[in-house]
Structure formats: structure tokens, C-alpha cells
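J.: Just passing along the structure, written as C-alpha cells.
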């Protein structure tokens with residue numbers, strides 16, 4: 001008689017829009033605030049932005065720090081950086097960091 005091994009999920013499991021009352025299992029994928037996240041472990045009520053429980057797999061990962069700490073390598077047009085010195089997000093336009101009005105900051 002052959003034995004069947006149960007591996008559990010071996011690929012992503014799309015579950016739709018994030019719901020903070022739903023129990024998510026490892027490899028469940030949710031959509032939250034314009035991005036898709038995959039569960040790294042079981043959770044209930046852990047926001048997809050909590051990197052202990054989730055990893056962003058599509059969309060924008062927002063990085064943050066002071067003006068002086070802004071990245072200077074591996075930049076791409078549309079990269080979002082939350083500037084804690086300015087207290088607002090800024091975007092890389094291919095040449096400069098700009099705010100939501102397009103003003104260089």
C-alpha cells in the first residue's frame with residue numbers, strides 16, 4: 001500500500017482583500033492598500049505591513065528615514081521614501097526627489 005504525504009501549501013493561496021478578523025496561514029496572499037502581501041506565518045489581526053508576519057510581493061514597499069539617509073543606489077522612477085525629517089513621502093522622478101506636488105525636496 002502506498003503512503004500519501006501531506007505537504008500542506010506549496011504555492012501561494014490568493015485570498016482577496018485583507019480582513020483583520022480572518023485567520024491567515026503561511027503562503028496566503030492578500031491585497032492591502034494597493035499592494036499584495038504573502039503570509040510568512042499564521043496570524044489573525046496582523047496588518048500586512050507587519051514584516052514579522054507578511055512580505056510585500058507586488059506593489060510598493062515604502063522605506064523611510066531622514067533626508068540625509070535617502071537612498072542613492074538602486075533607484076527607480078516612482079520609488080517612494082517616507083522622509084521623517086520632512087514628515088511626508090517623497091518620490092524619485094529619475095533625477096530628483098520630489099513631493100506630491102512635484103516640487104524638488
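J.: Cβ neighbours within 10 Å, averaged per peptide: list 21-33, 63-75 in order, most packed at the top. Don't skip to the end; give the middle numbers.
T.: Numbers: 21-33: 15.5, 63-75: 10.8.
Packing order, densest peptide first, comes out as 21-33, 63-75.
J.: A further question follows. log₁₀ I(q)/I(0) of the stretch 13-58 at q = 0.18, 0.19 Å⁻¹, via Debye over equal Cα point scatterers, no solvent, to two decimals?
T.: Scattering profile of the stretch 13-58, log10 relative to I(0): -0.38, -0.42.
J.: Over the chain, what relative contact order in percent results from Cα pairs under 8 Å that are six or more residues apart? Let's see the in-between values first.
T.: Values: 187 pairs, mean separation 14.9, N = 105.
Normalised by residue count, the contact order of the chain is 14 percent.
J.: Using only the alpha carbons of the chain, determine the length spanned along each of the three principal axes and report them from longest to shortest in whole angstroms.
T.: If we take the Cα atoms of the chain, the spans are 69, 28, 21 Å.
J.: Then there's this: Looking at the chain, send over the antiparallel percent of its DSSP beta bridges, to the nearest 5. It would help to have the intermediate numbers written out before the result.
T.: Numbers: 17 of 23 bridges.
Given both bridge residues lie in the chain, the antiparallel proportion sits at roughly 75 percent.
J.: Restricting to the stretch 13-58, compute how many DSSP beta bridges are antiparallel as a %, nearest 5. All intermediate terms of the calculation are to be shown ahead of the outcome.
T.: On the way: 10 of 13 bridges.
Approximately 75 percent, going by the DSSP bridge assignments.
Rule-based calculations on the coordinates, nothing more; no lab input. On a predicted model such as this, the values are computed, not experimentally measured, just so you know. Every residue, glycine as well, gets a Cβ built from its backbone with ideal geometry; the counts of neighbours run over all protein chains shown.
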